[in-house]
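Visitor: I am attaching a structure below and will ask some questions about it afterwards.
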Amino acid sequence: MSSAEGPTSSSDYIVHHLQNLTYGQHPDGTWGIAQSAAEAKAMGFMAIHLDTMFWSVILGVVFLGLFRRVAKSATSDTPSGLQNFVESIVEFVDTQVRESFHGKNALIAPLALTLFVWVFLMNLMDLVPIDWIPGLATLMGIPYMKVVPTTDVNATMGMSIAVFLLMVYYSIKIKGFGGFFGELAFHPFEAKNPIVKAIFLPINLILEGVSLLAKPLSLGLRLFGNLYAGELIFILIALIGLYQLPLHFVWAGFHIIVIILQAFIFMMLTIVYLSLAHEDNH
């Protein structure tokens, strides 16, 4: 199928809407945008999803611009509806941080607010009618255009890896390298006998290492899986044709809950993981 001509069957339609706009190196050594899923796959790991980068940056700018505008015009006399809305979000996130984070770090609340609003805005793009933006992109000669960054595992895992690096950084900063290693090496099986402790050490390292690595994996894959499944259902509904509107609105109504919930879960797990990193029990 030539992507410039558009999808020609139901399977082509699904593949087209699930394919990212990919830029990378072709097998012949030239650089450019992939015109098919096979070309995108051949570009390998170092290829860049331009649509994911574009929409995530645009939505990040929207978030920053909106909150900056409210902050500059904030007043205690007659606050606008937008100011009340933004303040309620800030207060909600601040409450979650105060209740769940037990250390002292000025970074956590701004980080939690950024993740919650940014992930919510990226998820919200799933409610844009499935053919509008990809159809416009096709008219402009752009072969693919996925508008929901959180349906790209690279975006969700990128955020979760950033959270993971913060976890490791603060664990070592607060507990020292010895304390961080001790959490991995001497739990969950403990012993006072040095020989038994040495026997338990590799077992503990394996168990705690798996537990540690599972945190970023579950954080990123949970968000990706839920949003990718939601996007796929919207695509399948669009294939119905004339009778798609009732189903579209029903699923969109339900999906709003998923959009908010997944942003909230991502934020809360980040707060909890960083709170654990700040606990010094050694």
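The values are calculated or read from the model by the stated rules, or taken from the named source; none is laboratory data. Bear in mind the structure is a predicted one, so any value in this text is a computation, not a measurement. As a convention, Cβ positions derive from the backbone with ideal geometry for all residues, glycine included, and neighbour counts pool all protein chains shown.
Visitor: Can you confirm whether segment 229-247 contains a residue that is surrounded by fewer than 18 Cβ atoms within 10 Å (Cβ to Cβ), among the hydroxyl-bearing types (Ser, Thr, Tyr) and not in a helix (DSSP H, G or I)?
Guide: The answer is yes, given that some residue of segment 229-247 is surrounded by fewer than 18 Cβ atoms within 10 Å (Cβ to Cβ), among the hydroxyl-bearing types (Ser, Thr, Tyr) and not in a helix (DSSP H, G or I).
Visitor: Now a separate question. Return yes or no: is Ile174 surrounded by 14 or more Cβ atoms within 10 Å (Cβ to Cβ) and over 20 Å from Arg222 (Cβ atoms)? If you could, list the steps in order and put the result at the bottom.
Guide: On the way: surrounded by 14 or more Cβ atoms within 10 Å (Cβ to Cβ): yes; over 20 Å from Arg222 (Cβ atoms): yes.
So Ile174 fits the description; yes.
Visitor: Just for segment 125-160: of the residues that are in a helix (DSSP H, G or I) and more than 20 Å from the chain's Cα centre (by Cα), which one is farthest from Ser56 (Cα to Cα)?
Guide: It comes out as Leu139.
Visitor: Turning to a different aspect of this structure: If you scan segment 258-282, which residues turn out to be farther than 17 Å from Ile108 by Cα and within 11 Å of the chain's Cα centre (by Cα)?
Guide: Residue satisfying the conditions is Gln262 alone.
Visitor: Another question, then. Of the numbered conditions (1) free of Cβ contacts under 8 Å to residues at least 40 places away in the same chain; (2) of a type outside the set (Val, Ile, Thr); (3) part of a helix (DSSP H, G or I), Trp55 satisfies every one except a single condition; which is it?
Guide: (1) is the only condition that Trp55 fails.
Visitor: Go through (1) surrounded by 14 or more Cβ atoms within 10 Å (Cβ to Cβ); (2) modelled with pLDDT of 90 or more and name the single condition Ile203 misses.
Guide: Only one criterion is unmet by Ile203, namely (1).
Visitor: Could you identify the single residue in Ile265, Ile235 that is in contact (Cβ under 8 Å) with a residue 40 or more places away in the chain and within 30 Å of Thr95 (Cβ to Cβ)?
Guide: Criteria check complete, one pass: Ile265.
Visitor: Name the pairs: first residue in segment 87-111 and farther than 25 Å from Thr75 by Cα and aliphatic (A, V, I, L, M), second residue at pLDDT 95 or above and not in a helix (DSSP H, G or I), Cβ to Cβ under 7 Å, at least 6 apart or on different chains?
Guide: Correct list of pairs: Ile108/Phe101.
Visitor: Let me ask you something else. Name the single residue that is nearest to Asp280 (Cα to Cα) among those in segment 178-195 being outside any helix (DSSP H, G or I) and free of Cβ contacts under 8 Å to residues at least 12 places away in the same chain.
Guide: Per the stated criteria, the residue is Glu190.
Visitor: Quick one: in segment 32-72, which of the residues that are of a type in the set (Phe, Trp, Tyr) and under 22 Å from Asp152 (Cα atoms) is surrounded by the fewest Cβ atoms within 10 Å (Cβ to Cβ)?
Guide: Step one: list which residues in segment 32-72 are of a type in the set (Phe, Trp, Tyr), which gives 45, 54-55, 63, 67.
So of that shortlist, the ones also under 22 Å from Asp152 (Cα atoms) come out as 45, 54-55, 63.
Numbers: Phe45: 6, Phe54: 14, Trp55: 23, Phe63: 18.
Checked segment 32-72; the qualifying residue surrounded by the fewest Cβ atoms within 10 Å (Cβ to Cβ) is Phe45.
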